[in-house]
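*Asks:* Structure provided below as structure tokens; questions to follow.
The values are calculated or read from the model by the stated rules, or taken from the named source; none is laboratory data. If you're wondering where the values come from, they're calculated on a predicted model, not measured in any experiment. No Cβ is skipped: glycine too gets one built from the backbone with ideal geometry, and neighbour counts run over all protein chains shown. All accessible areas refer to the heavy atoms of the entire protein, side chains included, with ligands and DNA or RNA removed. Shrake-Rupley method; radii C 1.70, N 1.55, O 1.52, S 1.80 Å.
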Amino acid sequence: MKTLGDPRLTATWPERLRRALARQVDKLPWGAGRRSLWTALIALVLAVLVTLVWLAGRYEASQVQAELERDTADAVNDLRSSLSRQVQALQALQSGHFTPQTWQPEALGLLRGNRDWLRLEWRDKEWHLLSFADSPLRASAFERIARAETLNEANQACQRAKRFNGPAYSSTYFLPQNDGLGVEVMELCMPVTQAGELAGYMVVTYSLQELLTERLGSTFGRRNELSFIEPDGTRLAIAGAQRRERRVFTTQQLVDLPGNTLLLRMDGRRGEPDLFPNVLTALVTGMSIALITVMVLLAKDARRRLKAEHDLADALAFRKAMEDSLVTGLRARDLQGRITYVNPAFCQMVGWEADALMGQNAPMPYWPPEMVDEYQQRQAIRMAGNAPPREGFESVFMRQDGTRFPVLIIEAPLISVRGEQTGWMGAVIDISEQRRIEELSRASQERLQATARLATVGEMASLLSHELNQPLAAIASYANGSLNLLQDPQAVPQTLDDVHMALRRIAEQAERAGRVINSVHDFVRRRDQAREAVHPQALLDAITPLVNLQARKLQVRVVIRVDARLPLVWCDRTMVEQVLLNLARNGMQAMDTPSCRDRVLVLRVLRSTSPQDPAGIEFTVTDLGAGIVPEVAAQLFNPFFTTKAEGMGLGLSLCRTVVEQHGGQLGFEAHAPKGTVFRFTLPAAGHNATADTA
Ligand code: ADP
């Protein structure tokens, strides 16, 4: 039972959801905070993606670079072996015993075979030129500049060759040509030995350009640009493809030759398409695109959720405002009868806190102790599944301070979204004020009716005196006659009979006077309000003596017609009698004008012909008076409206209230050729009795 008092456990789910959401909504960094989180996330993801793409690119570049370096090393090896093969060819040439004349054709043969050789010279050991041959494949290289001017490098190479006793290469130098351009050349000096003695030198002038093209161009020149360069980067000779691609990979390697060292540079160019064929790069790029797409979708989803949260919070705030401003008390109970929800209006009504009511079951703290048994039975019936009347039922609740107050409860099954009944929802309206007003109006109604009745009585008193005159005069004359008879000394026994007769008349007249007085007395005294089944004839009989009193005074003929076999009327007898009396009196007064000759008042009772109340009984009061002019008709039923000097103007307004209280309607219409018909209906007893007990 302890848990029932705990509001956290007993609060209904919408209430819990509302509280939780309200907390979240208050805490949420709706604006800048959330946005900066998203910005940071996007920036991080972008950074990771860019790094991945960059790394993939770098990896690819390093692969290319490594490949290029392998190519360069291969090229250097190829070059070395080509040069050593040429040295061997030269050694073969020197081993034959040639004269300068026989040497030349051999030399030309070699020159033809080696396109990179510009000239081959044979010199003796004092370095005098014995013979030479220029390459037959091209114009002589020494046409522009005489050979004698370029011997310096060759000479130094031969000095070195002599020292090494083997081939030696000179440094490179520029040799201008006839066409205005020039070639970069290098000398190879090879000592010639005979019988172990130095006999001379073979000098080969190399074109570096041709050396590159011939020895490396076909193998490495297709994808790369090959060049010999100076240490400062100046290019001495270039060969191979010179494509203008965006990405250039460069590698350099030394070609170590005896006497000289060349620097071989290889530029590998790789174009745009090289970025994507790489599987890794393509994979990373694809994944990046997918990741960004997912992030965009997530962001959209988050925005939609945020909007939904906003809408939900708005809806809840609206619902709360609505609940708090309601004046009708709301109370929900589960199927076991425990309270699962109460709104502030309900709490205010009964004077208990919501927390104190939550989870409570019968007997509720707001039930008056004397009613607990009855209410418990009512709740048991309700829980057994019997729906309460749709229009609600009245009950009495008790405030915390013990005061009782009447309430109207409208209860309906509480149906969940899945269509199952989860309990009962009740709207509770405090009707104490309504009851107070009803009581006030009932009391004033009663006072008015009493006043009206007294007025009628006052009016009747004068009629009564007039009416009693006759029997009293008759009584007086009979009494005088009797006295005279009794004083007569010659009275004979017949006189006694006359006195008897006179006394009987006196008794009759006294009875008549008594009846008149009683009828008025009955009318004034009868106060019980209970409804009963009355025959229409009885209603008319009750008022006939009083109507007749006035009728005789005003010389009106009263005609009463009651249809045969009418059912009983279900009504408050006294009130209906007064209605009939008022209408009859008004009708008679309307005919009380000198111009009115035909003074007939017709009181009729028949079965109702009105379609609204076919089972009712209709009463009509018809006079042949002057009728009702429209100005009077407009305010006929207003209280205190009268056209008579001594009238109070309450008669018709009371008549209408009484008829309406009986569920009928009072109306009037002109009667042809003159006069007015007042008409009202009352329910028949059988019909109404059934309706009342239903
Ligand atoms: P009161 O009789 O005291 O004047 P009522 O409410 O009974 O008060 O009637 C209001 C007025 O309606 C009357 O003063 C009269 O002018 C008019 N009236 C009522 N009944 C008739 C009728 N049958 N014919 C003509 N006028 C009528």
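*Asks:* Answer yes or no: is there a residue in segment 383-394 that is within 16 Å of the ligand (Cβ to nearest atom) and over 27 Å from Gly351 (Cα atoms).
*Replies:* Looking through segment 383-394, none of the residues is within 16 Å of the ligand (Cβ to nearest atom) and over 27 Å from Gly351 (Cα atoms).
*Asks:* Turning to a different aspect of this structure: Can you tell me which residues in segment 663-688 are of a type in the set (S, T, N, Q) and within 19 Å of Arg599 (Cβ to Cβ)?
*Replies:* Thr676 - this is the single residue of segment 663-688 that is of a type in the set (S, T, N, Q) and within 19 Å of Arg599 (Cβ to Cβ).
*Asks:* Of the residues that make up segment 199-216, is at least one among the charged types (D, E, K, R), in contact with a Leu (Cβ under 6 Å, 6 or more places away or on another chain) and under 19 Å from Arg85 (Cα atoms)?
*Replies:* yes
*Asks:* So the check is Cβ under 6 Å with 6+ separation or different chains; which pairs have a first residue in segment 305-327 that's touching a residue at least 24 places away in the same chain (Cβ under 8 Å) and a second one that's among the charged types (D, E, K, R)?
*Replies:* Once the first residue is touching a residue at least 24 places away in the same chain (Cβ under 8 Å) and sits in segment 305-327, its partners that are among the charged types (D, E, K, R) give Leu316/Arg18.
*Asks:* Residues in segment 336-372 that are part of a loop (DSSP other than H, G, I, E, B), more than 19 Å from Pro406 (Cβ to Cβ), without any contact (Cβ under 8 Å) to a residue 40 or more places away in the chain and open to solvent by less than 30 Å² (accessible area, probe 1.4 Å): how many?
*Replies:* Looking only at that region, the number is 1.
*Asks:* Please specify each residue of segment 373-383 satisfying the condition of being open to solvent by 30 Å² or more (accessible area, probe 1.4 Å) and more than 36 Å from the chain's Cα centre (by Cα).
*Replies:* Asp373, Glu374, Gln376, Gln377, Arg378, Ala380, Ile381
*Asks:* Say whether the condition of being in contact with a helix residue (DSSP H, G or I) (Cβ under 6 Å, 6 or more places away or on another chain), of a type in the set (Val, Ile, Thr) and modelled with pLDDT under 75 is met by at least one residue in segment 444-462.
*Replies:* yes
*Asks:* Report every pair of residues separated by at least 6 positions or lying on different chains whose Cβ atoms are under 6 Å apart, first residue within segment 609-637 and without any contact (Cβ under 8 Å) to a residue 24 or more places away in the chain, second in a loop (DSSP other than H, G, I, E, B) and within 12 Å of the ligand (Cβ to nearest atom).
*Replies:* Filtered contacts from segment 609-637: Gln635/Phe641.
*Asks:* If you take the residues in segment 90-108 that are surrounded by 14 or more Cβ atoms within 10 Å (Cβ to Cβ) and hydrophobic (A, V, I, L, M, F, W, C), which one is farthest from the chain's Cα centre (by Cα)?
*Replies:* Phe98
*Asks:* If you take the residues in segment 135-174 that are aliphatic (A, V, I, L, M) and touching a residue at least 40 places away in the same chain (Cβ under 8 Å), which one is surrounded by the fewest Cβ atoms within 10 Å (Cβ to Cβ)?
*Replies:* So the residue we want is Ala141.
*Asks:* Are there helices (runs of 4 or more DSSP H) fully within segment 577-694 with at least 3 residues that are within 12 Å of the ligand (Cβ to nearest atom) and open to solvent by less than 20 Å² (accessible area, probe 1.4 Å)? List them.
*Replies:* Helices (runs of 4 or more DSSP H) meeting the threshold: 651-661.
*Asks:* Among the residues of segment 300-311, is any open to solvent by 30 Å² or more (accessible area, probe 1.4 Å) and within 20 Å of Gly426 (Cβ to Cβ)?
*Replies:* no
*Asks:* Could you grab the pairs with beta carbons closer than 6 Å, sequence gap of 6+ or different chains, first residue in segment 35-51 and touching a residue at least 40 places away in the same chain (Cβ under 8 Å), second one assigned to a helix (DSSP H, G or I) and surrounded by 12 or more Cβ atoms within 10 Å (Cβ to Cβ)?
*Replies:* From segment 35-51, the pairs are Leu49/Ser288.
*Asks:* Continuing with the same structure: Evaluate the following for Pro388: is it outside any helix (DSSP H, G or I), over 25 Å from Arg436 (Cβ atoms) and open to solvent by less than 30 Å² (accessible area, probe 1.4 Å)?
*Replies:* Yes; evaluated as a whole, the condition is true for this residue.
*Asks:* Filter segment 420-457 for residues that are under 30 Å from Gln336 (Cβ atoms) and not in a loop (DSSP other than H, G, I, E, B) and give the result.
*Replies:* If the condition is that a residue be under 30 Å from Gln336 (Cβ atoms) and not in a loop (DSSP other than H, G, I, E, B), then Gln421, Thr422, Gly423, Trp424, Met425, Gly426, Ala427, Val428, Ile429, Asp430 are the ones that fit.
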